[in-house]
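Written out below as structure tokens is the structure these notes cover.
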Amino acid sequence: MDYIYAYVLEGDTEGVVKGVKRALQDGIEPAVIIDCLINSMAEVGVRMKNGDMFVPEVLASAEAMKEGLQIVKPLLSGENYSQGKIVIGTVAGDLHDIGKNLVAMLLESAGFDVVDLGIDVPAEKFMAAIEEHQPAIVGLSALLTTTMETMKKTVGAIIARYPSIRVIVGGAPVSQEFADSINAHGYAPDAASAADLAKRLIN
């Protein structure tokens, strides 16, 4: 199934779709195909961290991988496939979403069921989503220094009401030191790291 792996790295959606259909026709188990798709995106994450791939290429790979998943996911029961559920959003007052969207795609590519609340998300909306979806992890993004205080208050509110949920944070002005200071359970400097962090917290 090296051909599927290569197509994902190339961001070739048509190739991935044809490759997945070919693998199924050859009798390869859906779970094995999903592992191949997830492993290929893990390699994309490594290349992104190393500066060998950039956001447009990563988005193309994620989109190609997603199309492949759409074919095989219905062939598996959801609980066998999903690594867990994650609610993510950009905090209130912040309208940036490119980084968050990339994180969402890489989390989905890593096998998570992602509930994306979008941008400018107040604490109350995060709370409502937690009640509705019962996620294992909540991810908050902030791209403006002016919304870091909002992130702090939102993280505090979530942890106070839902102590069992893991909260992770990220965004341009956010640092490990800041994450520690607001008692977040994890910090990711980039989208690829966010997927790795989520897997560590789940396991």
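The values are calculated or read from the model by the stated rules, or taken from the named source; none is laboratory data. Just so you know, these numbers come straight off a predicted model, no measurement behind them. Positions of Cβ are backbone-derived with ideal geometry, glycine not excepted, and every protein chain shown enters the neighbour counts.
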Can you tell me which residues in the range 6-17 are over 14 Å from Gln70 (Cβ atoms) and not aliphatic (A, V, I, L, M)?
Tyr7, Glu10, Gly11, Asp12, Gly15
Answer yes if at least one residue in the range 110-119 is of a type outside the set (D, E, K, R) and modelled with pLDDT under 90, and no otherwise.
yes
When restricted to Ala192, Ala179, the only residue of a type outside the set (Asp, Glu) and modelled with pLDDT of 95 or more is Ala179
Report yes if Lys49 is among the charged types (D, E, K, R), surrounded by 17 or more Cβ atoms within 10 Å (Cβ to Cβ) and not assigned by TED's automatic domain parsing to the domain that holds Gly111, otherwise no.
no
Considering only helices (runs of 4 or more DSSP H) fully contained in the range 1-65, which possess at least 2 residues that are within 27 Å of Gly99 (Cβ to Cβ), modelled with pLDDT under 95 and of a type outside the set (Lys, Arg)?
30-49
Output for Cβ contacts, cut-off 6 Å, separation at least six or different chains, first residue assigned by TED's automatic domain parsing to the domain that holds Met65 and touching a residue at least 24 places away in the same chain (Cβ under 8 Å) in the range 18-42, second aromatic (Phe, Trp, Tyr) and buried (at least 22 other Cβ atoms within 10 Å of the Cβ), reads Gly19/Tyr7
How many residues are free of Cβ contacts under 8 Å to residues at least 24 places away in the same chain and within 16 Å of Val91 (Cβ to Cβ) when one looks only at the range 133-174?
1
When the residues of the range 95-106 are filtered to those that are among the aliphatic types (A, V, I, L, M) and at pLDDT 90 or above, which remaining residue is farthest from the chain's Cα centre (by Cα)?
Leu95
Criterion (surrounded by 18 or more Cβ atoms within 10 Å (Cβ to Cβ) and farther than 29 Å from Arg200 by Cα) met by exactly one of Gly11, Gly27, Gly19:
Gly19
